[in-house]
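Peer 1: Following this message is one structure expressed as structure tokens.
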Amino acid sequence: MAVTHDFILNDVHLTLPDALATPGILQKLRDGHYEADEAKAVSRCVQPGFRVLDIGAGMGYVSVLAAQRTGPENVLAVEANPDLLPVIEANLVANDAGGASVLHGAVSGPAEDGATAPLHLAAGFTASSMRGTGTGPTVEVPLIPIRDLLEAQRPHVVFMDIEGGEADLFGHPWKCPLRYFVVELHPKKYHARVIQKIVDFMSAMDMTYDPVVSRGKVLGFKKIWGDEA
């Protein structure tokens, strides 16, 4: 029987197979630091009826929290690592959020139908990356253009944690009713100009820096409403 680890964070029940765990991940889950900033962002950003897109869903923790606030039918979790798909689905079901949608693929810029790209797997799922060059195994995953995903889900809130892959997703304006955007940056995997590009891109969409959500590598933006100076 496969060994699993079970945790409760913010009243969310999470299970992680031992094969996907590392001491660092397990410690963060034990002490409550796992995706703690993203969890706080959910309470700030997600309101009843909002559609949520969770890109790089990991264990499904953020997706569960979002589903609890807006309803599972309004949540779409996207994950590139195929080993995590049953983990996400099981964690959603365990928290009465089984109605959320789970999609396998790596979110990309423009891509041809049926295109794939290699995902570099690492010991512990949090270090796996489309931009990696490690010695671990690779697996081909389908590419999902960001434009197609946004048009299909039309999210009010987007959470993004894709280990450097976010660098390629800001070429064209996002056509969706975006209210909040929360991204975990990975500055060791790209030049500082990529962060500048993200900030400029959001500014052009009438989104501004959200100090309530932002902390460390987690950067939050919120829609500007009204004309007050």
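Peer 1: For Phe221, state whether it is touching a helix residue (DSSP H, G or I) at 6+ places or on another chain (Cβ under 6 Å), in a strand (DSSP E or B) and either more than 25 Å from Arg69 (Cα to Cα) or of a type in the set (Phe, Trp, Tyr) (or both).
Peer 2: Working: touching a helix residue (DSSP H, G or I) at 6+ places or on another chain (Cβ under 6 Å): yes; in a strand (DSSP E or B): yes; either more than 25 Å from Arg69 (Cα to Cα) or of a type in the set (Phe, Trp, Tyr) (or both): yes.
Considered against the rule, which asks whether it is touching a helix residue (DSSP H, G or I) at 6+ places or on another chain (Cβ under 6 Å), in a strand (DSSP E or B) and either more than 25 Å from Arg69 (Cα to Cα) or of a type in the set (Phe, Trp, Tyr) (or both), Phe221 comes out as yes.
Peer 1: I've got another one for you. If I ask for residues that are open to solvent by less than 40 Å² (accessible area, probe 1.4 Å) and either assigned to a strand (DSSP E or B) or touching a residue at least 24 places away in the same chain (Cβ under 8 Å) (or both), which ones from segment 122-138 would you list? I'd like the intermediate steps shown before the answer.
Peer 2: Within segment 122-138, the subset open to solvent by less than 40 Å² (accessible area, probe 1.4 Å) is 124-125, 128-129, 132, 136.
Those that are open to solvent by less than 40 Å² (accessible area, probe 1.4 Å) and either assigned to a strand (DSSP E or B) or touching a residue at least 24 places away in the same chain (Cβ under 8 Å) (or both): Gly124, Phe125, Ser128, Ser129, Gly132.
Peer 1: Still on this structure: So which strands (runs of 3 or more DSSP E) stay within segment 12-112 end to end and still have 2 or more residues that are open to solvent by 20 Å² or more (accessible area, probe 1.4 Å) and hydrophobic (A, V, I, L, M, F, W, C)?
Peer 2: Counting at least 2 such residues, we get 101-104.
Peer 1: I'd like the residue in segment 142-178 that is assigned to a loop (DSSP other than H, G, I, E, B), open to solvent by less than 60 Å² (accessible area, probe 1.4 Å) and of a type in the set (D, E, K, R) and, out of all such residues, is nearest to Leu119 (Cα to Cα).
Peer 2: Residue satisfying both the conditions and the ranking: Glu163.
Peer 1: Say we look at segment 179-202 and pick out the residues that are among the aliphatic types (A, V, I, L, M) and open to solvent by 10 Å² or more (accessible area, probe 1.4 Å); which of these is farthest from Phe50 (Cα to Cα)? Even if it seems obvious, please write down each step before you answer.
Peer 2: Quick first cut of segment 179-202, residues among the aliphatic types (A, V, I, L, M) only: 182-183, 185, 192, 194-195, 198-199, 202.
Cutting the leftovers down to open to solvent by 10 Å² or more (accessible area, probe 1.4 Å) gives us 185, 192, 194-195, 199.
Details: Leu185: 24, Ala192: 32, Val194: 28, Ile195: 27, Val199: 23 Å.
Within segment 179-202, the match that is farthest from Phe50 (Cα to Cα) is Ala192.
Peer 1: Output the number of residues of segment 1-20 satisfying the condition of being among the small types (Gly, Ala, Ser) and at pLDDT 95 or above. Outline the logic, then answer.
Peer 2: First, pick out the residues of segment 1-20 that are among the small types (Gly, Ala, Ser): 2, 19.
Right, trim to at pLDDT 95 or above and you get none.
So the count comes out to 0.
Peer 1: Ser203 fails exactly one of the following numbered conditions: (1) assigned to a loop (DSSP other than H, G, I, E, B); (2) more than 17 Å from the chain's Cα centre (by Cα). What is the number of that condition?
Peer 2: The one condition Ser203 does not meet is (1).
The values are calculated or read from the model by the stated rules, or taken from the named source; none is laboratory data. Note that the structure is predicted; figures quoted are calculated from it, not measured. Note: ideal-geometry Cβ built from the backbone for every residue, glycine included; neighbour counts use all protein chains shown. Just so you know, the surface numbers come from the protein's heavy atoms only, side chains and all, with ligands and any DNA or RNA stripped out. Shrake-Rupley method; radii C 1.70, N 1.55, O 1.52, S 1.80 Å.
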